[in-house]
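Right, one structure below, let's go through it.
Values in this text are rule-based calculations from the coordinates and carry no lab data. These numbers were taken from a predicted model, which means no experiment stands behind them. Don't worry about glycine lacking a Cβ; one is built from the backbone with ideal geometry, like all the others, and counts go over all protein chains shown.
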Amino acid sequence: MNAAMQDDLARIVGFRHWRVAMPFRQPLAWGSGSRPAATRLVVEITLADGTKGYGETICLLEFIEPVLVKTVQPIALSHTARDVEAFTRHVLGAGYYHHKRAVVMAMAAVEMAMWDARGRQLREPLHALWGGAFRRQVEVSAYLFGTDAKALADSTRRFLDAGYRSFKVKIGMTEASDLTNVEAVRTVCGSHALRADVNSAWTPGTARRMLEKLRGYDLQYVEQPLELDDLEGHAHLRRAQPVPVALDESAYTLADVGNIVRAGAADVILLDPHEIGGLWQTIKAAAIAEAAGIPVTLHSGGELGFSQSAYVHLAASIPNMSISIDSERAYLLDDIVLRPPCIEEGAFALPTGPGLGVEPDFERIAARQTTVIQDPYLDRARPGWFSTKPAY
């Protein structure tokens with residue numbers, strides 16, 4: 001089959017989407033609020049030959065869905081599923097090169113669906129389209145929330161008993177809980193890898209003080225200790241103390257990752273295909289980091305089955321994604337796919353079906369549809385409260 005025939009069969013001719021909210025088993029407390037649910041956008045594209053592809057993205061704020069409908073969808077309908085790079089550049093060229101952070105999440109859902117459809121057409125899993133599987137098991141970090149030391153210790157013990165060997169604790173709520181949170185988890189997890197996520201709550205001075213106090217807990221890294229735009233501050237912090245510095249909120253776009261590497265601002269970079277604009281952008285960002293000798297991992301925002309499967313394909317195929325990936329899967333009440341990815345002994349197995357390797361469950365998608373975005377950055381228990389960055 002020649003290229004023209006392949007293009008004709010891969011033309012995107014249909015498009016629909018759903019906004020869904022999946023409750024967490026308990027609200028997830030962090031430095032920017034308390035999240036009761038993960039709100040996600042799910043996209044279905046149909047190709048000219050009838051093949052369907054599915055994508056998913058995080059939906060934190062109200063502008064994401066209108067950007068999807070008014071800009072990204074019409075542009076997608078002028079492309080084929082083979083045009084991932086051209087589609088991405090087309091969306092950015094529609095004015096969003098000025099406003100990359102305003103478009104990446106909307107674009108990511110469609111780009112994922114393009115990859116899924118193409119993999120289904122070729123009858124190949126996504127990792128096979130990206131150079132093959134570098135690893136067959138993808139280790140997951142147990143994610144720990146809140147400021148109650150006993151509850152954190154109990155949660156750590158449950159994850160440890162379930163086979164997890166990597167742990168991540170949210171800090172950045174108060175100075176006192178920064179210390180007690182890390183101590184509670186380290187006491188239970190023993191010598192296993194432990195990382196702490198500040199979510200930009202510290203000033204530079206507080207960061208130096210707190211990391212000195214935390215020195216004895218042997219953190220694998222401290223994530224996003226300073227405000228997201230402060231690359232110079234993160235570079236100084238790396239040189240001032242021994243705990244590795246990881247950046248997440250600072251690393252939304254491909255250009256962000258390039259700037260981090262040029263500034264020498266991070267020892268580890270957390271990537272997120274929804275925040276960078278797609279799976280291919282994630283692979284390119286990982287390569288930038290790899291060239292500088294920097295390991296990468298994946299940020300979690302409550303991925304449902306489509307995105308979670310995409311994460312496993314990415315982690316399996318990217319050599320320098322050598323650090324366990326984040327996942328909030330243990331807290332999700334349900335899923336929207338048939339036979340969702342599952343964690344066994346602290347790891348995901350590599351999906352083997354074509355494309356993403358998962359199928360939609362339309363009944364569950366319908367049951368979880370929502371008209372609202374459920375407070376990702378606020379806290380219902382504290383009316384009028386909002387976070388400031390840095391906080392202390």
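Some notes on this structure:
- In the chain, taking the dipole from charged Cβ atoms about the Cα centre, the farthest positive-side position among VAL372, HIS99, VAL296 is held by VAL296.
- Residues LYS150, LYS52, arranged from fewest to most other Cβ atoms within 10 angstrom of their Cβ, appear as LYS150, LYS52.
- For the chain, the 222 nm mean residue ellipticity estimated from helices alone, with every DSSP H stretch of n ≥ 4 adding -39500 (n - 2.57) and the total spread over all residues, rounds to -10000 deg cm²/dmol.
- Tensor-based shape of region 127-355 (alpha-carbon gyration tensor, a/c under 1.5 rounded, otherwise prolate or oblate): oblate
- Between region 309-337 and region 342-375, the Cα center-to-center distance that results, in Å: 11 Å
- Proxy reagent accessibility, fewest Cβ within 10 Å first, across HIS192, HIS299, HIS98: HIS98, HIS192, HIS299
- For the residue pairs LYS168/LYS213; LYS70/LYS389; LYS52/LYS284; LYS168/LYS284; LYS213/LYS284; LYS100/LYS389, the C-alpha atoms sit more than 29 angstrom apart in LYS70/LYS389; LYS213/LYS284.
- With the convex hull of the Cα atoms taken as the outline of region 40-97, the averaged projected area works out to 4.2 nm².
- Percent antiparallel among DSSP beta bridges (both partners in the chain, rounded to 5): 60 percent
- Paired Rg and Dmax values of region 3-123, which use every Cα atom, in angstrom: 15.6, 52
- Over all other residues within a Cβ to Cβ distance under 9 Å of ALA196, the charged ones net out to 0, with Lys and Arg as +1 and Asp and Glu as -1.
- For region 172-215 and region 1-59, distance of Cα centres in Å: 35 Å
- Listed by Cβ neighbour count within 10 Å, with the fewest neighbours leading, TRP30, TRP202, TRP385 appear as TRP385, TRP30, TRP202.
- Prolate/oblate/rounded label for region 1-73 (Cα gyration tensor, a/c 1.5): prolate
- An oblate overall shape is assigned to region 233-387, the ratio a/c of its alpha-carbon gyration tensor axes (a ≥ b ≥ c) being 1.5 or greater and a/b not exceeding b/c.
- The chain - Rg over Rh from alpha carbon coordinates, Kirkwood radius: 0.96
- Residues of region 310-333 with amide N under 14 Å of the 7 Å Cα→Cβ point at LEU129: 310-311, 313-314
- Rg to Rh quotient for region 126-218, alpha carbon positions, Kirkwood Rh: 1.08
- Net charge in the neighbourhood of ARG101 (other residues with Cβ under 11 Å of its Cβ; Lys, Arg +1, Asp, Glu -1) is -2.
- Virtual spin-label span in nm between THR180 and ARG382, 7 Å along Cα→Cβ: 1.5 nm
- Taking trypsin sites (Lys or Arg not before Pro) across region 303-392, the ones in a DSSP loop with at most 12 further Cβ atoms lying within 10 angstrom of their Cβ are ARG380.
- Neighbourhood charge, 13 Å Cβ-Cβ cut-off, centred on ILE365 and excluding it, Lys, Arg +1 and Asp, Glu -1: -2
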